[in-house]
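**Q** I'd like to ask some things about the structure below.
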Amino acid sequence: MDKSGPKHMNSKVTRSQFENLVAHLIKRTIDPCKKAIKDADVKLADINEVIL
């Protein structure tokens, strides 16, 4: 985005490329998720699904 507004781009990426692009974001969520599970006093085995 610049002063004239947002820019739109259409591009295809492979799953591998996507995973590489978001890996650092996923890694940042690990510790907060672990803390939330610990704070909720829940075991991983008790979690059946994750809704994003």
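None of the figures in this text is laboratory data; all of them are computed from the coordinates on show. In this text the structure is predicted, and so the values were computed from the model without any measurement.
**Q** Give me the Kirkwood hydrodynamic radius of the chain, using the inverse of the mean 1/r over all pairs of distinct Cα atoms, in Å to one decimal.
**A** Working: mean 1/r = 0.0687 Å⁻¹.
In the chain this quantity evaluates to 14.6 Å.
**Q** Could you state the angle between the C-alpha long axis of helix 15-39 and the longest principal axis of the C-alpha atoms of the chain, as a value from 0 to 90 degrees rounded to the nearest 10?
**A** The helix 15-39 is inclined about 30 degrees to the chain.
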